[in-house]
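Here is the structure we will look at.
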Amino acid sequence: MTFRWDIILEYAPFLLKGTLLTIGLSLSGIVLGTALGLMVGLGKMMRNRWLALPFNAYVTFFRGTPLFVQILLIHFGVVPLFSGETNAVAAAVIALSFNAAAYIAEIFRAGIQSIDKGQMEAARSLGMSHVQAMKYVILPQASKRMIPPLGNEFVVLIKESSLAAIIAAPEMMYWGRAMAGQYFRVWEPYLTAAVIYLILTISLSFLLNRLERRLQTE
(Lines give C-alpha, C1' and ligand atoms only; values in the text may rest on other atoms or scores of the structure.)
Protein backbone atom coordinates (compact mmCIF):
# COMPACT_ATOMS: atom_id res chain seq x y z
CA MET A 1 0.00 0.00 0.00
CA THR A 2 1.33 3.44 -0.99
CA PHE A 3 0.59 6.29 1.36
CA ARG A 4 -0.35 9.29 -0.77
CA TRP A 5 1.02 12.45 0.77
CA ASP A 6 -0.08 14.45 -2.26
CA ILE A 7 -3.78 14.31 -1.41
CA ILE A 8 -3.03 15.40 2.16
CA LEU A 9 -1.14 18.41 0.79
CA GLU A 10 -4.02 19.14 -1.58
CA TYR A 11 -6.52 19.15 1.28
CA ALA A 12 -4.19 20.86 3.77
CA PRO A 13 -5.91 24.30 3.45
CA PHE A 14 -9.33 22.71 4.00
CA LEU A 15 -8.07 20.64 6.92
CA LEU A 16 -6.60 23.80 8.44
CA LYS A 17 -9.93 25.62 8.17
CA GLY A 18 -11.68 22.55 9.53
CA THR A 19 -9.27 22.38 12.46
CA LEU A 20 -9.89 26.02 13.31
CA LEU A 21 -13.64 25.40 13.25
CA THR A 22 -13.17 22.29 15.40
CA ILE A 23 -11.30 24.43 17.95
CA GLY A 24 -14.03 27.07 17.75
CA LEU A 25 -16.81 24.52 18.26
CA SER A 26 -14.95 22.97 21.17
CA LEU A 27 -14.20 26.28 22.89
CA SER A 28 -17.79 27.43 22.43
CA GLY A 29 -19.06 24.17 23.87
CA ILE A 30 -16.66 24.42 26.80
CA VAL A 31 -17.55 28.03 27.68
CA LEU A 32 -21.31 27.77 27.19
CA GLY A 33 -21.46 24.26 28.61
CA THR A 34 -19.58 25.30 31.75
CA ALA A 35 -21.82 28.32 32.35
CA LEU A 36 -25.00 26.33 31.76
CA GLY A 37 -23.65 23.36 33.69
CA LEU A 38 -23.02 25.50 36.76
CA MET A 39 -26.61 26.77 36.70
CA VAL A 40 -28.03 23.29 36.18
CA GLY A 41 -25.80 21.83 38.90
CA LEU A 42 -26.93 24.46 41.40
CA GLY A 43 -30.53 23.91 40.30
CA LYS A 44 -30.25 20.19 41.00
CA MET A 45 -29.11 20.97 44.53
CA MET A 46 -32.21 22.97 45.44
CA ARG A 47 -34.02 21.50 48.43
CA ASN A 48 -37.43 21.89 46.85
CA ARG A 49 -37.74 18.78 44.68
CA TRP A 50 -40.34 20.37 42.41
CA LEU A 51 -38.04 23.29 41.62
CA ALA A 52 -35.16 20.86 41.08
CA LEU A 53 -37.25 18.60 38.83
CA PRO A 54 -36.61 20.45 35.52
CA PHE A 55 -32.86 20.40 36.15
CA ASN A 56 -32.92 16.69 36.96
CA ALA A 57 -34.95 16.05 33.80
CA TYR A 58 -32.46 18.04 31.74
CA VAL A 59 -29.50 16.02 33.00
CA THR A 60 -31.37 12.74 32.57
CA PHE A 61 -32.30 13.50 28.97
CA PHE A 62 -28.92 14.75 27.75
CA ARG A 63 -26.95 12.07 29.57
CA GLY A 64 -29.36 9.32 28.58
CA THR A 65 -29.56 9.96 24.83
CA PRO A 66 -26.78 9.83 22.21
CA LEU A 67 -25.14 13.09 21.17
CA PHE A 68 -25.63 11.92 17.58
CA VAL A 69 -29.40 12.02 18.05
CA GLN A 70 -29.26 15.33 19.92
CA ILE A 71 -27.37 16.96 17.05
CA LEU A 72 -29.96 15.78 14.53
CA LEU A 73 -32.88 16.94 16.68
CA ILE A 74 -31.38 20.38 17.23
CA HIS A 75 -30.25 20.75 13.60
CA PHE A 76 -33.50 19.68 11.94
CA GLY A 77 -35.97 20.60 14.67
CA VAL A 78 -34.90 23.19 17.22
CA VAL A 79 -32.86 25.65 15.12
CA PRO A 80 -35.42 25.88 12.26
CA LEU A 81 -38.17 26.34 14.85
CA PHE A 82 -36.62 29.62 16.00
CA SER A 83 -34.86 30.90 12.88
CA GLY A 84 -36.96 29.45 10.06
CA GLU A 85 -33.94 27.71 8.58
CA THR A 86 -31.21 25.49 9.88
CA ASN A 87 -27.56 26.35 10.43
CA ALA A 88 -25.07 23.54 10.87
CA VAL A 89 -22.50 25.49 12.90
CA ALA A 90 -25.11 26.97 15.25
CA ALA A 91 -26.75 23.58 15.71
CA ALA A 92 -23.39 21.99 16.49
CA VAL A 93 -22.53 24.65 19.09
CA ILE A 94 -25.94 24.32 20.77
CA ALA A 95 -25.84 20.52 20.81
CA LEU A 96 -22.29 20.33 22.14
CA SER A 97 -23.00 22.98 24.80
CA PHE A 98 -26.24 21.37 25.98
CA ASN A 99 -24.69 17.91 26.07
CA ALA A 100 -21.56 19.04 27.89
CA ALA A 101 -23.65 21.03 30.39
CA ALA A 102 -25.42 17.87 31.57
CA TYR A 103 -22.12 16.22 32.46
CA ILE A 104 -20.54 19.39 33.82
CA ALA A 105 -23.58 19.92 36.04
CA GLU A 106 -22.88 16.61 37.75
CA ILE A 107 -19.22 17.56 38.14
CA PHE A 108 -20.15 20.85 39.80
CA ARG A 109 -22.72 19.15 42.03
CA ALA A 110 -20.27 16.49 43.17
CA GLY A 111 -17.50 19.04 43.68
CA ILE A 112 -19.67 21.38 45.75
CA GLN A 113 -21.11 18.57 47.85
CA SER A 114 -17.59 17.25 48.55
CA ILE A 115 -16.86 20.38 50.61
CA ASP A 116 -17.60 19.94 54.30
CA LYS A 117 -20.92 21.49 55.32
CA GLY A 118 -19.15 23.26 58.14
CA GLN A 119 -17.55 25.58 55.59
CA MET A 120 -20.97 26.93 54.60
CA GLU A 121 -22.09 27.19 58.22
CA ALA A 122 -18.92 29.08 59.15
CA ALA A 123 -19.37 31.50 56.26
CA ARG A 124 -23.00 32.13 57.18
CA SER A 125 -22.03 32.70 60.81
CA LEU A 126 -19.72 35.48 59.61
CA GLY A 127 -22.68 37.27 58.08
CA MET A 128 -22.36 36.10 54.47
CA SER A 129 -25.45 35.34 52.44
CA HIS A 130 -25.82 31.92 50.86
CA VAL A 131 -24.77 33.32 47.48
CA GLN A 132 -21.73 35.08 48.94
CA ALA A 133 -20.68 31.95 50.83
CA MET A 134 -21.00 29.89 47.67
CA LYS A 135 -19.04 32.43 45.60
CA TYR A 136 -16.21 33.22 48.01
CA VAL A 137 -15.89 30.08 50.13
CA ILE A 138 -17.37 26.94 48.56
CA LEU A 139 -16.69 27.34 44.83
CA PRO A 140 -13.00 28.35 45.18
CA GLN A 141 -12.34 25.19 47.19
CA ALA A 142 -14.50 22.95 45.01
CA SER A 143 -12.93 24.24 41.78
CA LYS A 144 -9.58 22.63 42.63
CA ARG A 145 -11.26 19.25 42.99
CA MET A 146 -13.27 19.72 39.82
CA ILE A 147 -10.37 20.42 37.45
CA PRO A 148 -9.49 16.76 36.67
CA PRO A 149 -13.06 15.67 35.78
CA LEU A 150 -13.68 18.95 33.96
CA GLY A 151 -10.48 18.39 32.00
CA ASN A 152 -11.67 14.93 31.00
CA GLU A 153 -14.99 16.36 29.84
CA PHE A 154 -13.27 19.06 27.78
CA VAL A 155 -11.10 16.44 26.07
CA VAL A 156 -14.17 14.36 25.33
CA LEU A 157 -15.88 17.45 23.91
CA ILE A 158 -13.07 18.01 21.40
CA LYS A 159 -13.44 14.45 20.13
CA GLU A 160 -17.24 14.59 20.08
CA SER A 161 -17.14 17.73 17.93
CA SER A 162 -16.34 15.37 15.05
CA LEU A 163 -20.01 14.35 15.04
CA ALA A 164 -20.83 17.80 13.63
CA ALA A 165 -19.71 16.38 10.26
CA ILE A 166 -23.01 14.50 9.99
CA ILE A 167 -24.89 17.79 9.55
CA ALA A 168 -22.27 19.17 7.14
CA ALA A 169 -20.63 21.59 9.56
CA PRO A 170 -17.30 22.17 7.76
CA GLU A 171 -15.08 21.11 10.66
CA MET A 172 -12.08 18.83 10.35
CA MET A 173 -13.88 15.50 10.05
CA TYR A 174 -16.12 16.93 7.34
CA TRP A 175 -13.09 17.59 5.15
CA GLY A 176 -11.60 14.22 6.05
CA ARG A 177 -14.74 12.53 4.77
CA ALA A 178 -14.68 14.72 1.66
CA MET A 179 -11.10 13.62 0.96
CA ALA A 180 -12.04 9.97 1.47
CA GLY A 181 -15.05 10.31 -0.82
CA GLN A 182 -13.13 12.00 -3.62
CA TYR A 183 -10.19 9.61 -3.74
CA PHE A 184 -11.77 6.48 -2.25
CA ARG A 185 -8.90 6.35 0.23
CA VAL A 186 -9.17 5.52 3.92
CA TRP A 187 -5.77 5.70 5.55
CA GLU A 188 -4.72 9.19 4.47
CA PRO A 189 -7.80 11.20 5.51
CA TYR A 190 -8.65 9.36 8.69
CA LEU A 191 -5.09 8.96 9.96
CA THR A 192 -4.52 12.66 9.32
CA ALA A 193 -7.68 13.53 11.24
CA ALA A 194 -6.68 11.20 14.07
CA VAL A 195 -3.26 12.85 14.40
CA ILE A 196 -4.79 16.34 14.48
CA TYR A 197 -7.32 15.32 17.14
CA LEU A 198 -4.50 13.72 19.13
CA ILE A 199 -2.47 16.94 19.00
CA LEU A 200 -5.47 18.98 20.17
CA THR A 201 -6.33 16.67 23.06
CA ILE A 202 -2.71 16.31 24.21
CA SER A 203 -2.27 20.10 24.13
CA LEU A 204 -5.43 20.65 26.18
CA SER A 205 -4.45 17.94 28.66
CA PHE A 206 -1.02 19.54 29.07
CA LEU A 207 -2.51 22.96 29.80
CA LEU A 208 -5.01 21.53 32.28
CA ASN A 209 -2.30 19.55 34.07
CA ARG A 210 -0.23 22.71 34.39
CA LEU A 211 -3.24 24.56 35.80
CA GLU A 212 -3.97 21.75 38.26
CA ARG A 213 -0.38 21.68 39.54
CA ARG A 214 -0.34 25.47 39.87
CA LEU A 215 -3.55 25.50 41.93
CA GLN A 216 -2.28 22.72 44.17
CA THR A 217 0.77 24.80 45.09
CA GLU A 218 -1.29 27.85 46.05
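Could you please find all residues in segment 10-27 being surrounded by fewer than 20 Cβ atoms within 10 Å (Cβ to Cβ) and within 15 Å of residue 204 (Cα to Cα)? Within segment 10-27, 19, 20, 23, 24, 27 qualify. Take segment 146-176 and flag every residue that is farther than 20 Å from residue 69 by Cα and surrounded by fewer than 16 Cβ atoms within 10 Å (Cβ to Cβ). Once the filter is applied, which keeps residues that are farther than 20 Å from residue 69 by Cα and surrounded by fewer than 16 Cβ atoms within 10 Å (Cβ to Cβ), segment 146-176 yields 148, 152. Where residues in segment 60-108 are surrounded by fewer than 21 Cβ atoms within 10 Å (Cβ to Cβ) and among the small types (Gly, Ala, Ser), which of them is nearest to residue 39 (Cα to Cα)? Top of the filtered list is 64. From the list 180, 100, 142, 110, pick out the single residue that is on the phi < 0 side of the Ramachandran plot, touching a Leu at 6+ places or on another chain (Cβ under 6 Å) and in a helix (DSSP H, G or I). Testing whether each residue is on the phi < 0 side of the Ramachandran plot, touching a Leu at 6+ places or on another chain (Cβ under 6 Å) and in a helix (DSSP H, G or I) leaves just 100. Among the criteria (1) modelled with pLDDT of 90 or more; (2) surrounded by fewer than 13 Cβ atoms within 10 Å (Cβ to Cβ), the one residue 130 does not fulfil is (1). Looking across segment 34-73, the residues that are over 30 Å from residue 199 (Cα atoms) and not hydrophobic (A, V, I, L, M, F, W, C) come down to 41, 43, 44, 47, 48, 49, 54, 56, 58, 60. Among the residues of segment 183-218, those that are surrounded by fewer than 17 Cβ atoms within 10 Å (Cβ to Cβ), part of a helix (DSSP H, G or I) and aliphatic (A, V, I, L, M) comprise 191, 194, 195, 198, 199, 202, 207, 211, 215. Listed by position, the helices (runs of 4 or more DSSP H) enclosed by segment 43-94 that each have at least 3 residues that are closer than 18 Å to residue 164 by Cβ are 67-73, 79-83.
Quick check on residue 158: is it β-branched (Val, Ile, Thr) and without any contact (Cβ under 8 Å) to a residue 40 or more places away in the chain? It is false that residue 158 is β-branched (Val, Ile, Thr) and without any contact (Cβ under 8 Å) to a residue 40 or more places away in the chain. Checked against (1) over 27 Å from residue 199 (Cα atoms); (2) among the β-branched types (Val, Ile, Thr); (3) in a helix (DSSP H, G or I), residue 31 passes all but condition (1). Quick one: in segment 136-145, which of the residues that are touching a residue at least 24 places away in the same chain (Cβ under 8 Å) and surrounded by fewer than 18 Cβ atoms within 10 Å (Cβ to Cβ) is farthest from the chain's Cα centre (by Cα)? Restricting to residues being touching a residue at least 24 places away in the same chain (Cβ under 8 Å) and surrounded by fewer than 18 Cβ atoms within 10 Å (Cβ to Cβ), the top hit is 141.
Here's the yes/no breakdown for (1) modelled with pLDDT of 95 or more; (2) more than 23 Å from the chain's Cα centre (by Cα); (3) hydroxyl-bearing (Ser, Thr, Tyr); (4) at negative phi:
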{"position": "34", "(1), (2), (3), (4)": "no, no, yes, yes"}
{"position": "41", "(1), (2), (3), (4)": "no, no, no, yes"}
{"position": "46", "(1), (2), (3), (4)": "no, yes, no, yes"}
{"position": "51", "(1), (2), (3), (4)": "no, yes, no, yes"}
{"position": "62", "(1), (2), (3), (4)": "yes, no, no, yes"}
{"position": "66", "(1), (2), (3), (4)": "yes, no, no, yes"}
{"position": "83", "(1), (2), (3), (4)": "no, yes, yes, yes"}
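The values are calculated or read from the model by the stated rules, or taken from the named source; none is laboratory data. Nothing here was measured: the structure is a model prediction, and the numbers come from that model. In this analysis, Cβ positions are derived from the backbone assuming ideal geometry, glycine residues included, and neighbour counts consider all displayed protein chains.
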